[in-house]
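Visitor: Next up is a structure, given as structure tokens.
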Amino acid sequence: MKCAKCHGRMYAETFYSHTEAFHGWRCLMCGDIVDPVIFLHRITGDRNIPIPERNEDLIRLIAKYLSLKSAAACGGTGRNPPRGV
Ligand SMILES: [Zn+2]
């Protein structure tokens, strides 16, 4: 995965707060941190997209959008995927 800000290489990391842990990616070059919610907003371009409460559902939604984008890049319709997929 490449950083949206500087195109540097990003690596997966687990981040910890006082109450929870979450998985995300950190840029080796600029230190930008992207969590799954930020990533979903970036790939959909929809800041109002409903975010699933369970992490498994969020990851499934991201995978679905990535596969739709991949299909569009390989000769699909090129249209944005429908909301709530
Ligand atoms: Zn960066």
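Visitor: Of everything in the range 41-81 that's small (Gly, Ala, Ser) and part of a loop (DSSP other than H, G, I, E, B), which residue is nearest to the ligand (Cβ to nearest atom)?
Guide: Gly45
Visitor: Further, regarding this structure: Does Ile38 meet the test of being without any contact (Cβ under 8 Å) to a residue 60 or more places away in the chain and away from the ligand (no atom under 15 Å from the Cβ)?
Guide: no
Visitor: Related question: Does Met1 count as within 16 Å of the ligand (Cβ to nearest atom), at pLDDT below 90 and of a type outside the set (D, E, K, R)?
Guide: Yes, satisfied.
Visitor: Next question. Would you tally the residues in the range 4-35 being away from the ligand (no atom under 14 Å from the Cβ) and either on the phi > 0 side of the Ramachandran plot or not in a strand (DSSP E or B) (or both)?
Guide: 5
The values are calculated or read from the model by the stated rules, or taken from the named source; none is laboratory data. The structure displayed is predicted, hence computed values, not measured ones. Note that each Cβ is placed from the backbone with ideal geometry, even for glycine, and that neighbours are counted across all protein chains shown.
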